[in-house]
Amino acid sequence: MTNPLFRKSKEKTLKIGLFGLGKSNLGVLGYLKEKNLNFELTLRSDKNISTDIFCHRSFIGSGALSDIDEDVIFLSPSVRRDRAELIIAEKRGTLLFSDAELFFSLAKNRVFAVTGSDGKSTTTYLISELLRASGIDAVPAGNYGVSLSSLIGKACDVVAELSSFQLSYMKPKSYAAVITNVTPNHLNWHKSLEEYVSAKENIIPNTERLVLDYDSKLIAEAAKRAELFAVTSLELSYGELSRAVRAENYLTVKDSAVYLNGKPYFSIDGAQRRENYNIRNYLLAAAATLGLTAPEATENVLNSFGGLAHRAQLIAKRGGISYINSSIDSSPERTLKTLGAIDGRVAVILCGRGKGLSADMLANELPTLTVGAVLMGDVGDEIEELIKGKNDNYSYARANSMRDAVRLAASFLAGRGTVILSPAGTSFDKYKNFEERGRDFESAVYELTQ
């Protein structure tokens with residue numbers, strides 16, 4: 001990929017725009033300053049942003065894409081490039097770019113690229129920890145970890161979590177590429193399920209070792225077409241998996257052990273987190289690092305892994321009630337998986353903005369998986385419409401704040417069970433990201449329980 005910053009004359013002052021000022025574009029800005037480039041900065045955002053960053057001009061709100069004359073505009077990952085103003089600007093010569101594209105156009109690092117609908121962040125973290133446990137300097141980056149552009153020129157391996165938004169516009173080169181799974185997601189951004197799946201598959205062409213989860217039905221056909229370094233499955237035995245798809249390596253599970261090509265590889269008997277979705281992540285991380293990490297180091301990492309922040313994270317236990325933060329659960333399917341892994345009485349907080357995905361199955365399963373639900377936001381509206389009148393014995397309530405939601409959820413449990421924030425929607429109706437939403441939940445829990 002051509003680097004856009006040095007195609008222009010070195011004597012010219014570059015006009016650079018940043019559309020959005022989240023982690024990715026702040027990383028870009030840091031890189032530009034570090035390189036001492038001569039540039040004029042334009043800030044653009046659909047939403048109000050609060051910043052003390054010096055810029056030559058800014059366009060905020062409805063006029064965010066007015067008067068585009070920049071040489072390069074770095075776009076936040078969530079910005080689609082088929083907006084009319086961006087199409088016109090590109091035809092005039094403005095280059096549309098991103099933090100991820102900048103990194104992959106310049107970096108010489110060995111890259112482990114990770115994408116999928118669920119489990120991306122955990123797998124990214126585990127790969128980096130497995131490498132570190134084997135004496136390899138590895139840094140998680142992208143959607144999880146630091147910004148990618150902040151690692152340009154750094155002497156380390158990079159474990160890059162990449163979203164379908166980013167992959168819609170690039171086919172990154174990597175040492176290893178992992179697709180955790182593919183299920184319908186982000187259909188409020190992608191124009192179709194086919195477009196979404198195609199974006200995920202853009203991670204496939206330019207990698208030395210491709211790792212896929214064969215149990216993911218939407219990616220199984222790609223697994224049959226691609227040249228696979230490794231394939232994983234919890235559902236199939238080694239024999240069944242090797243007959244179904246051709247790969248160099250096969251990782252399966254039997255009797256609390258992971259098997260590599262039909263032979264015991266490492267034990268998961270001592271792993272703290274034994275949920276099926278985490279075991280899948282273990283297999284994928286181990287597959288991506290085959291030959292670089294020893295089984296003993298892998299066991300040590302898995303035995304010490306207690307889960308990532310905002311991902312089924314135990315926040316507090318007061319009396320007989322546990323409070324769990326799983327703010328990252330931004331789809332109905334993800335919430336169903338999380339609820340299905342919890343034993344005992346559960347009260348769930350559902351909130352946020354939907355992604356254009358059906359919540360029918362979640363609504364149908366709520367009375368089985370939980371004793372009550374607290375509803376907020378667009379997701380709350382949708383769930384209420386789906387459950388209203390269908391089960392008169394099921395308890396649910398509306399809340400206007402996270403503090404009210406925590407209090408109401410606890411009231412459903414009568415002193416015994418689990419309150420969990422597992423929203424089934426994005427955070428963008430009230431928060432900047434799922435981390436901020438999770439922190440608000442944690443704060444509300446501490447206020448209620450202290």
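Each reported figure results from applying straightforward, stated rules to the coordinates on display, with no laboratory input. Being a predicted model, the structure only gives us computed values, none of them experimental. We place every Cβ from the backbone using ideal geometry, glycine too, and count neighbours over all the protein chains shown.
In a DSSP loop and with at most 11 other Cβ atoms within 10 Å, the trypsin sites (Lys or Arg not before Pro) in segment 51-151 are K108. Restricting segment 51-91 to chymotrypsin sites (Phe, Trp or Tyr not before Pro) that sit in a DSSP loop and have at most 13 other Cβ atoms within 10 Å of their own Cβ leaves F54. Just so you know, the Rg over Rh for segment 102-304 is 0.95, from Cα atoms, with Rh as the Kirkwood radius.
For I204, no residue has an amide H sitting under 5 Å from its own, ignoring neighbours fewer than 5 places away on the same chain, with H placed 1.01 Å from N.
If you model segment 80-134 as an ellipsoid using its alpha carbon gyration tensor, with each semi-axis the square root of five times an eigenvalue, the axes come out at 34, 15, 5 Å, biggest first.
Can you give me the Kirkwood hydrodynamic radius for the chain, using every pair of distinct Cα atoms, in Å to one decimal? Result for the chain, one decimal place: 23.3 Å. If you run the Gaussian network model on the chain, springs between alpha carbon atoms under 10 Å, then out of S121, S330, S78 the most flexible one is S78. Less than 5 angstrom separates the built amide H of N249 from those of A230, V231, all sequence-distant by 5 or more or on a different chain. With the chain treated as a Gaussian network of Cα nodes joined by springs under 10 Å, which of S237, S62, S427 yields the largest mean-square fluctuation? Per the Cα network of the chain with a 10 Å cutoff, S62 tops the list.
Note: segment 319-450, Cα convex hull, 86 Å³ per residue.
Normalised by the number of residues in the chain, the mean separation of alpha-carbon contacts (under 8 Å, six or more apart) gives a relative contact order of 11 percent.
Mean Kyte-Doolittle of at least -1.0 and a Cα length of 15 Å or more along the axis: which whole DSSP H helices of the chain meet both?
On the way: long enough: 23-34 (16 Å, -0.18); 120-133 (20 Å, 0.06); 276-288 (18 Å, 0.13); 377-387 (16 Å, -0.12); 434-449 (22 Å, -0.89).
Going by DSSP H runs, the hits are 23-34, 120-133, 276-288, 377-387, 434-449.
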